[in-house]
Amino acid sequence: MKKVFLLSLGLLLGATGFAQQTVKKCDAMKQSVLTSVKSAADVMTPAMNFAPTTSVAKAVVTKSPSSKDFTWEEGATMTTRYDNQSNAAIGNRIAAWGDGTVAYTATWASDDAFNTRGTGYNYADADFQFGNEPTERVESLRSGWPSICAYGNGELLASHADGINIWYRATKGTGAWTQLSNIPTYTWPRIATTENGTVFVICADQDTQNTLLNYVRLYKSTDGGNTWTEDPFFTALDAEYNHLIGADDYVVATNGNTIAVMFCSMTYDVFYVISEDGGATWEKKVIAAWPYGVFDWTQTAITKETDSIYWCDNSGSIAVGNDGTVHCAWGLGRWAPAPESGAGYYTFWPYTVGIVYWNSNYDNGKGGNNILPFGEADFDAEHPEWLLNGTNGVSSMMNYDRLLRMAWGDYETTGEIVLDPNFTIFGWQSEVTPGTPANHENFSVDANATYNSIGLATTPAVAVDDDNNVAIMYSFLSDARMTGAYYYRSAWINDRIDGEWREPNTETSLSMEFEHSYDEVYPTFGLANAANDYYYFGYSADDVPGLVLDAEDQTQCTDNAIYAIKVATPNNDAVEEQIEAVYNIYPNPATDHITLVSAVDTDATIIFTNLAGQTVKTLNKSLTVGNNTVNIDLENGVYFCTVNANGFNKTVKVVVK
C-alpha cells in the first residue's frame, strides 16, 4: 500500500544546511546535492587512502527506555577500548533463540595497545537482563571481527587470527568455548546457518603485496563447523569484480533454507547473491549496476569520466522475510577518485545524506525491480539538470533528487508525496525541531568526524518481523549535541508497518535521553530477523567523535560502550498501552520559552536545575496532544530540563540565551 502526504518544502533538506567551504588541499565545489527545490552547496574532503585496514579500538555504558511511538529497552553489554568495529558494513554480531534469550558480541580490548583484543561476549536472559561485562576475550589468542549465530541450543562464533577460527559451545550463554576448526589465510568473517544445518562463512583476504587487491570467498560446512569446502560460485564472483570486494564489503542473512549475501561498496554494483536451497545453487541479483565498468584502484592514473558519483557509502545490510522478500538498505555517499594523490585515494562530499531502502518487490515501471540506469526512467528527461554531473548524467543514477523522485512519486508537480512501500530514502531529521530536516547551517567539514563509511546518515541495520514489518536503525549526525568543534552522531530508527512507511521526518532518535548527551554513535548494527516479536539492534558509543585507529579525528583511546537495543515489533502483545507523553523539547538554544511536544493529554511537572544540581524553577502544565508553549523566564545559561508526565521522565540539556 502506498501512503500519501501533502508536500511541505520543510520536509526537504535545503540550501541553508550547506555553507560553501574551502577545505584544506581541496577547492570547494558547489552542486545540487539534496533537493531540486533549493540548490545546496557542498564540499569535498581531502583525499583519503581507500585501502582497508585490519585494525579497530573503543566504548561507554547506560540504559533507558521509551519514545513517541516506539517501545524499547536498552542495556550496556560491554566496554571496549577498541573502537573500529568494521571497515565498512557490519553484521551478524547478535544471536537470538526462541526462548527470548540473546547474545551480543563486539571486537573488544581492555588495553590501549590492544594486546587483549578478541571477542567480547555478553548474554541476556528472557527479561533482557545481561550478565556482568566481560573482562577477557572468548578466544585463547588475540583475535578480532567476531560473528555469531545460534546453532540449536548452542552457538557458533567466527573470528580472525591466523585465518578464521570457528568456536562452539553446546549451551548458549554458559560453559567453555571449544575451537572446532580453522579456515587458513582469510579474515573479516560473517557466520550464518540455514534450516538444513549448513553453516556458512563469508570472508575476504587482502594481497600482502598490494593492499588494493582483495579476494572474497564463501565456505560451507555440513558437519557443524568441523570441516569446510570452498564454494566455487564466490571464487568466480571475485574474479568478475576484479578483486574489488574487500574487507567488510558484505553482509549475510538467512531465513529457513534461504541465504542471501549483500555486497555494498563505492566502486561496483550494489547487488546480492541468493540461494533458496541451502547453498546448493546461487543466483546474482543486481539492485543498481555500477555505470563505469570494472573499476581498478591499482591504476596510478585513474581516468574519470565525471567529477563525482552518487553511490553506496560503503555501508549496508540485508534481511530475508518469511515470504522470501529480500530487504536491503545502504547509506548514500558522493565521491570522486583522486589520482593526483596516488592509487587508492579519493575525495568525498561529507554532507551527502540518505538511507536508501529497497526490497525485491520494487516495481521500476519497466518490468523489473532494479534501480534503472540514468536515462531509462520516464522522468529522467524532465530533469536536464541531472545531466550536468558527469558524462550524460550516468553518475547521477543515485543522485539524491532522483532517488527521492523514485520514492515519493511526482511530488513536485502534484504537491503530494506518495510513499512507495518497496523503495524509500530518509535519514535527515532534526533533533532540535522534529518534523523538519536537520539544520547543519553552521557546520564546516571539520564538524563531522571521518569514518569508514562516508555518508552523513550511515550504517543502516535492516530487520524484518514475522508479519513483514520492517525496522531500520542507523547513525546520523545530530544538530542538537556537540563537543568542541564536532557534532555528535545519534542512533535513529525508522519503520514500515503494514506496508506503510512513516511520514517523512518522523523517525525516532534514541540519543536524546540525558544519559546519552555525550554519545558519539558509530556504528549501528542489528539482527536481520525479529525474534519473539522483538527487533534487536546495537551500537557502539563513546564521548569523542572519530576513530583512534584512523588517527585523523581522535588521537587517544577512550571507553566505548556496546549498547543492546530491544524494540517491540508492531504486533507485540507485550507492548504496554502507556506511552511517553513528551517526546520532544525545543527550541534549543531557547530564549523566553520552550515547546513541549506531547503524544497525549496529560498533566506535567517541569523542573529546571543548573549545572550545580540546584533546582531553579518548577512549573506545572496541562499538556494537550501536539505543541505546548511553556514560558520559562530564566537567566542566560545552561540548564537541565526534566519533564515528569504520564509516568515517564524526560531530561534534556537546554541552553538559554
V294 accessible area, 1.4 Å probe, all protein chains in place, Å² to nearest 10: 100
Gain in span if fully extended, D410 to T185, counting 0.36 nm per residue against the direct Cα distance: 75.9 nm
Under 15 Å from K617, Cα to Cα: aspartates and glutamates that are on another chain or at least 8 residues apart: D592, D633, E635
Chain lengthening between E503 and T208 when straightened (0.36 nm per residue, less Cα-Cα): 101.3 nm
Estimated inter-spin distance, N132 and T555, nm [label 7 Å along Cα→Cβ]: 3.7
Heavy atoms of L387: accessible area, 1.4 Å probe, square angstrom to 10: 80
Cβ-defined net charge surrounding V320, 13 Å radius [Lys, Arg +1; Asp, Glu -1]: -4
Dipole of the range 162-232, positive end: most advanced residue of G175, T227, T211 [Cβ charges, Cα centre]: G175
Point-to-point label distance, D467-E515, nm (Cα→Cβ direction, 7 Å offset): 3.0
Computed label-point distance, nm, for sites A113 and F295 using a 7 Å Cα→Cβ extension: 3.8
Exposure of T651 as accessible area (Å², to 10), given a probe of 1.4 Å and all protein chains: 30
Extension reserve of the E382-V625 stretch, reckoned as 0.36 nm per residue once the Cα distance is removed: 83.3 nm
Under 13 Å, Cβ to Cβ, from Y474 - net charge with Lys/Arg +1 and Asp/Glu -1: -2
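The values are calculated or read from the model by the stated rules, or taken from the named source; none is laboratory data. If you're wondering where the values come from, they're calculated on a predicted model, not measured in any experiment. Cβ atoms come from the backbone with ideal geometry, glycine included; neighbour counts cover every protein chain shown. Just the protein is used for accessible areas: all its heavy atoms, side chains included, with ligands, DNA and RNA removed. Shrake-Rupley method; radii C 1.70, N 1.55, O 1.52, S 1.80 Å.
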